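Data block below; observations after.
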Amino acid sequence: MDKTFNFELIAQDGNARAGTFETPHGTLETPLFAPVGTQATVKAVTPAQLEAMQASLILANTYHLYLRPGDELIAEMGGLHEFMQWPHPILTDSGGFQVFSLGDINEIDDEGVTFQSHIDGSRHRFTPEKAIEVQENLGADIIMAFDECADPYDRAYSEKAMKRTHDWARRCKAAQTRSDQALFGIVQGGIFPDLREESAATIASLDFPGNAIGGLSVGETKEEMHAILEVVDPILPADKPRYLMGVGTPVDLVEGVARGIDIFDCVLPTRVARNGQALLFSEKFNMRNAQFADDPAPIDETCPCYACQTFSRAYIRHLMVAKEILGATLLTIHNLHTMLRLIAEIREAVLAGRFSTYREAFWEAREQAPPELPK
């Protein structure tokens, strides 16, 4: 492994952490939120717009890029950084979640998964070795071990999938040939504390440069998710970054950091933007609502993003009702900026030793916010 991948813990306030993680394409300041660029693009915004809002890490998806346009083509084009013109760090997931959730699965066995493409029905085979091969072609800074994400409430299958995930993690590590990519292992085990303890200990023992927690935000309650994070926090090594996969509402960021998480990603900010929803720290509302038709105020008067500093709610509502693409772009800019501003404030609070105070103020603001407006 390239010595570039160095994680330094700078400050800790309770279980909340602030640190830095070095990669070949820049140093990441944690905790951080990564916008999701599933198909080598964060929907509705340009790389320049992402840079302007100070995004540091982008996530792309192995399953989707393997199917279209193909990992070998991307390698020929110079890898993801060159292909999508993003010069900063990139993370790719292994494709495991999509194989199980999107593909029409024909066979799951200890060797891998045979599945049908959700695009054209063609048959494909993913193994741990194949997942590493594809991710090495893509060329991201952080790559993920191939894992199996099971129904969180099915104990028997969760245990089976966990053991398979551990075996696949070992095979992924053995298959890795590039030293300029940080391979993260993934903790599984559903909502069962003893399985999560076993998985966290096993993954930690494999000495990956970072560790991820998968199989959460897939149907369990927030309380169950928080309980699992509290189980794995003291087991995962403190000198490695911890990545909570696919989780990232404002509440998730605050409560995840409170339980030792360093990296988050989620499609929520971009997905709800395309549906007309604006995110604030304490609430969200639908910009299509008629009450905004003649509202001259910005989406959020406290927000310094381009959308809030330039346009009115009335204009953005008009764009959404008229189905103009610019409306989705402006709401995406605002929503991502909101998440990135929140995680930056959280990091500052940890560095200053006042995270607990910040967390209390965050919840007070949410309790005082008006109820969410009708969708």
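For the reader, a short list of remarks on this structure follows.
- Within the accessible area of the chain (1.4 Å probe), percent carbon and sulfur: 49
- Radius 14 Å from Cβ of Ala297, net charge of other residues (Lys, Arg +1; Asp, Glu -1): -2
- Computed extension gain for Val251 through Ala156, at 0.36 nm per residue and net of the alpha carbon distance, reaches 31.1 nm.
- Arg271 versus Ile119: modelled label distance in nm, points set 7 Å from Cα along the beta carbon direction: 2.1
- Size of electric dipole in region 269-375: Cβ of Lys, Arg +1 and of Asp, Glu -1, about Cα centre, debye, nearest 20: 440
- Full extension of the segment from Glu360 to Ser312, taken as 0.36 nm per residue of separation minus the current Cα-Cα distance, would add 14.2 nm.
- Cleavage-rule hits (GluC sites (Glu not before Pro)) in region 294-375: DSSP loop, at most 11 neighbouring Cβ within 10 angstrom: Glu301, Glu372
- Residues Leu9 and Arg170, FRET efficiency given R0 of 30 Å [Cβ-Cβ distance, rounded to 0.05]: 0.65
- Neighbour-limited loop hits for trypsin sites (Lys or Arg not before Pro), region 1-91 (at most 13 other Cβ within 10 Å; DSSP other than H, G, I, E, B): Lys3
- Free-standing Cys residues across the chain, given no other cysteine C-beta under 4.7 angstrom: Cys149, Cys172, Cys266, Cys305
- Neighbour-limited loop hits for trypsin sites (Lys or Arg not before Pro), region 148-216 (at most 16 other Cβ within 10 Å; DSSP other than H, G, I, E, B): Arg178
- From the C-alpha gyration tensor of region 186-255, square roots of 5λ in Å: 19, 14, 10
- Rolling a 1.4 angstrom probe over the protein heavy atoms with all chains in place gives the chain an accessible area of 40 Å² per residue.
- Once the chain from Ser101 to Glu51 is taken as fully extended at 0.36 nm per residue, the excess over their C-alpha distance is 14.9 nm.
- Taking the chain and dividing mean pair separation by its residue count, relative contact order in percent (alpha carbons under 8 Å, at least six apart): 17
- Cα convex hull of region 214-277, projected area averaged across orientations, nm²: 4.5
- Computed Kirkwood radius, in angstrom, where 1/r is averaged over Cα pairs of the chain: 21.2
- For region 1-120, the spread of Cα positions along each principal axis, largest first, Å: 48, 34, 29
- Within region 146-162: backbone nitrogen closer than 20 Å to the Leu206 label point (7 Å, Cα to C-beta): 146-152, 157-162
- Charge-dipole axis of the chain as Lys and Arg at +1 and Asp and Glu at -1 on Cβ define it, positive-most pick from Phe208, Val251, Gln135: Val251
The values are calculated or read from the model by the stated rules, or taken from the named source; none is laboratory data. Bear in mind the structure is a predicted one, so any value in this text is a computation, not a measurement. Note that each Cβ is placed from the backbone with ideal geometry, even for glycine, and that neighbours are counted across all protein chains shown. Heads up: the accessible areas ignore ligands, DNA and RNA and are worked out on the full protein's heavy atoms, side chains in. Shrake-Rupley method; radii C 1.70, N 1.55, O 1.52, S 1.80 Å.
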